[in-house]
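The values are calculated or read from the model by the stated rules, or taken from the named source; none is laboratory data. Quick caveat: nothing in here was measured; it's all calculated off a predicted structure. Positions of Cβ are backbone-derived with ideal geometry, glycine not excepted, and every protein chain shown enters the neighbour counts.
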Amino acid sequence: MKRPLFSLSFPTHTTCKILVFLCTLPVYAHAEGGLTFGRVVGISKTRPVVAIDVGSDHGVVEGDRVVILNQDTPTATGIVIHIETNTSGVRIDRFEQRSPAITNRAIVIHSASDFAQSKTCELKFIKATSVDRVLPGGNRVWIKGGTRDGWQVNDQILIHRNGGVLGWGKITRCYANDALAILDRTREDGALCRRGDRVEAVGGVGESDLVRTRIAAVTTSRAATQLILAGDDSSGFSPGDRIELYRDGQYVSFATISRTNPVIRAEVTEAFQQSQTREGDVAILRPQPASGSAPLGRVFRVEGNHALITLGQADDIETGQTLFVFNKNAAPTRLTVRSVYPQHCGAKPESDDEPKSNNEPKSDNDPESDVDTPSQALRLWSCAATFAGAAARLQVSCIANEPVSWFRTLVPEGYCAAAPGEIVSTGIDGESWVVVARTENKIFAVRIEPDEH
């Protein structure tokens, strides 16, 4: 079905008037999980207003919020200010220098909808801000944000710029809207912090068991790749702890903490790395079996129908145990452990005629049609776990960029297959963050207040 060439004029009392001239466009509008998806079909030349091809027939009402995407890049957010049967007018706020264009995706959020919790992950936001000013000497900095933003005296922080860690230390004075930090470590090459550099908390992430920092330095030799991490022996890491390394939300490598005093050092397990580690990569503590949080492993090698996975005796893995491999669609494939080693194991997909245990955890959508075939499952760097379905809802640290107060671009640091319309995070005040769209390593989410559910 094609949408014909047309013109659309809104009444002048709406403070906007749009004339839309289009080539024919395919009808795109559809609804999913409290969201309505359409496209931009008109742009005002004089006012910050666009027309979208969904209206009252699609459940759109005045006051609904709208996110506009150009492929995978946000270009604007807005509020619906005028409704017609199959079209709506949206007052927009642009992101930076970006502007929406005809055919950009428009996602309408129906705030009164009953959004469901994600079945795969719960994102925990990392406390982050920026440097406001640097005092003489370079090791004392005022940061934007204080007690109102959750910062406290003795919070550990690191400062980074363009992938390089500039230093780390602790907050020594904290007020409502700003805080003073003293850096215990700065770069040996003399590079100093400056206004606008990014600030992140080191150690525990919110109300969770997650512990996080960044790589401050990498040294490579024939024997091994050694890492220095921002933080010290009070950051939550201990010798023998295993860590996973991420870059831009993607798994990079695996390492083991060797010491924590005077600085945190770790050694990379080369066989378990997808790519070379770099300064600035994120390091996340892998939970111990006794913690109650079962770790996720990675398929680091595939040989025919045999997978090698970064789960081993240290994770209480046993021969004959069932593992579940998750791909991007979150559908699990069952594997049986055939061999176990200290840090990894070997497993093969269960055959179709192999009986399944009655005690085996099941996904929320358990029809066999939703489960990957073995050939689909054995992909490098896919996640593997000892659980499936709702039991696999993991706590995952997340970087949040905030273009506007109710919209965030989220970068999960771990496995999260949340779908549009699902809640991925709930704040202490009861607000929820709902997925509206996602890319390979980013999630676009909007804030829903408790009284909007």
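Residues in region 309-317 include at least one that is within 20 Å of PHE254 (Cα to Cα) and either modelled with pLDDT under 90 or small (Gly, Ala, Ser) (or both).
Residues considered: ILE18, ILE81. Of these, the only one that is under 19 Å from PHE407 (Cα atoms) and either modelled with pLDDT under 95 or not in a loop (DSSP other than H, G, I, E, B) (or both) is ILE81. Every condition in (1) of a type in the set (Lys, Arg); (2) in contact (Cβ under 8 Å) with a residue 40 or more places away in the chain; (3) over 25 Å from ARG133 (Cβ atoms) holds for ARG214 except the one numbered (3).
Can you confirm whether region 129-146 contains a residue that is modelled with pLDDT under 90, within 24 Å of the chain's Cα centre (by Cα), not in a helix (DSSP H, G or I) and not acidic (Asp, Glu)? Taking every residue of region 129-146 in turn, none turns out to be modelled with pLDDT under 90, within 24 Å of the chain's Cα centre (by Cα), not in a helix (DSSP H, G or I) and not acidic (Asp, Glu). Within region 138-151, residues that are aromatic (Phe, Trp, Tyr) sit with their Cβ atoms under 7 Å from residues that are in a loop (DSSP other than H, G, I, E, B) and crowded, with 17+ Cβ neighbours inside 10 Å, at 6+ positions apart or across chains, in these pairs: TRP151/LYS127; TRP151/GLY145.
Quick check: is even one residue across region 333-352 among the hydrophobic types (A, V, I, L, M, F, W, C), at pLDDT below 80 and more than 26 Å from ILE107 (Cα to Cα)? Looking through region 333-352, none of the residues is among the hydrophobic types (A, V, I, L, M, F, W, C), at pLDDT below 80 and more than 26 Å from ILE107 (Cα to Cα). Among the conditions (1) closer than 30 Å to HIS58 by Cβ; (2) within 27 Å of the chain's Cα centre (by Cα), VAL90 misses just one, which is (2). Criterion applied to THR103, THR73 was being more than 22 Å from TRP406 (Cβ to Cβ) and surrounded by fewer than 22 Cβ atoms within 10 Å (Cβ to Cβ), and the one residue passing it is THR103.
Of all the listed residues (GLY89, GLY38), the sole one being closer than 24 Å to LEU410 by Cα and touching a residue at least 12 places away in the same chain (Cβ under 8 Å) is GLY38.
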